[in-house]
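I am attaching a structure below and will ask some questions about it afterwards.
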Amino acid sequence: MKRQIGVVTLLFLIGCTPESTNEGSEQPPTEESVETTDESSIAEESNLNIGEVTPIVENLDIPWSIARTPDGWFVSERGGTITVIDDSGRATQSAVNLKEDVFEIGEGGLLGIALSDDFESSGILYAYHTYGSSGRDVQNRVVELTWDGERFEETDVVLDEIPGARFHNGGRLLIDGEYLWVTTGDALVPELAQDESSLAGKILRIPLSGEGEPTDWIYSLGHRNPQGLSRIDDVLYASEHGASGHDEVNVIEKGNNYGWPIIEGNEQQEGLVTPWFEVGETSWAPSGTATDERYVYMATLRNERLVAIDRETKQVTTIVEGGGRIRDVWLDDDTLYFISNNTDGRGNPKSQDDKLYQVTIR
């Protein structure tokens, strides 16, 4: 069933104090069960010229990932739908026809999406989703979808049987030429992140040709719950949730071991890689990222901000705040687009949440 979604007229707040996060009835061993970020860790000086934040679409249903289309946007929603938005702001929620039903559990559900390079002619995109049930093992899979202008249909399975759980499913996708990058979480079994025979706690580089075996696609290991992925000039950045603070941004290189659960944050051990950037003792709960020549832009959930991290100095600038949890961000020329995530069970939803917003940064 399709649901029409209205265009937003409400303005996003800039520079106000974020609301406290509602953790809900569960207190999982996950990235969002700690206090909000220490204000002293945020630097406010930068060369960014930040414009007014304006909403585009309202009433999104637990949105998780955004992808730019030739005519607008796709926004994945954790319950198993994708909202299709055109450039006029008209939005329609569309079902996704899958051979394994989406299992919305904890942080699991329909998560990352990425459009193929030839999407305009082929209609092909990729999606990451949780499946299973309470009575059997929870797993994740990556599938090829085809969009015909009316519905999304599963047309191939890229990878399945990725370990899953109520929490720590990873789920971010990135298309880069002939490869599909995939982040996976440790599925609440930390030692799997160090197990080279397991797909859990890894960053995968999957050839779209399908060549090789799944374990051949392991690009890096030792990850807890990476939920952001962006690439520029052959540099791949991944954001990752720490166990209790010490969230990370890593520069991902082939064969590297990023330490979880042996080390965390700036701890050191021979053969293990410390992060390019870490937030300190108090969690930001980082999610989606985007990158340009100067900055890594990062959505944060617990921190309730969209920030820019200078790639040279690592100085952090707050771009927006005050609208609650932010799940994903997309950079298009001089404009950042991002989605709030207040309806995911841990936020404080406001009227007509959740929303897709835009802000200019030049």
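What is the Cα convex hull volume of segment 144-227 when expressed per residue in Å³? Mind showing how you got there, number by number?
Working: hull volume 8.8 nm³, N = 84.
Per-residue hull volume (Cα only) is 105 Å³.
Something else now. Sort all Cα-Cα distances of segment 171-308 into consecutive 10 angstrom bins from zero, then give the percent of pairs in each bin up to the one containing the longest distance.
Percent of Cα pairs in each bin: 13, 46, 34, 7, 0.
Moving on to the next point. Compute the semi-axes of the equivalent ellipsoid of segment 236-362, taking the square root of 5 times each eigenvalue of the Cα gyration tensor, and list them largest first in whole Å. Write down the numbers at each step before the final one.
Details: eigenvalues 139, 63, 25 Å².
The answer is 26, 18, 11 Å, longest axis first.
Moving to a separate point now. Give the lysines whose C-alpha is closer than 17 Å to that of Lys314, dropping any in the same chain fewer than 8 places away, or say none.
Cα-Cα hits under 17 Å: none found.
Relative contact order for segment 173-267: what percent, with Cα pairs under 8 Å and sequence separation of 6 or more? It would help to have the intermediate numbers written out before the result.
Working: 207 pairs, mean separation 22.7, N = 95.
Contact order relative to length: 24 percent.
What does the charge count around Ser134 come to, taking other residues whose C-beta lies under 14 Å from its C-beta (Lys +1, Arg +1, Asp -1, Glu -1)? Don't skip to the end; give the middle numbers.
Values: positive: Arg136, Arg166; negative: Asp101, Glu104, Asp137.
Cβ neighbours under 14 Å give a net charge of -1.
Over the Cα atoms of segment 105-147, what is the Rg over Rh ratio if Rh follows Kirkwood?
Working: Rg = 12.8 Å, Rh = 11.4 Å.
Rg/Rh for segment 105-147 comes to 1.12.
While we're on this one: Hey, any idea what Rg/Rh is for segment 64-103, computing Rh the Kirkwood way over Cα pairs? Spell out each step's value before the answer.
Details: Rg = 10.8 Å, Rh = 10.6 Å.
On the Cα set of segment 64-103, Rg over Rh gives 1.01.
Along its three principal axes, how long is the chain when you only count alpha carbons? Whole Å, largest extent first please.
Principal-axis extents of the chain (Cα, largest first): 50, 48, 43 Å.
Also: Between Ile218, Ile56, Met298, whose Cα lies farthest towards the positive end of the dipole of the chain when Lys and Arg beta carbons carry +1 and Asp and Glu beta carbons carry -1, centred on the Cα centre?
Of the candidates, Ile56 comes out farthest on the positive side.
The numbers here are math on the coordinates, done by the rules we state, and not lab data. In this text the structure is predicted, and so the values were computed from the model without any measurement. Because the Cβ atoms are built from the backbone with ideal geometry, glycine has one as well, and the counts that use them run over all protein chains shown.
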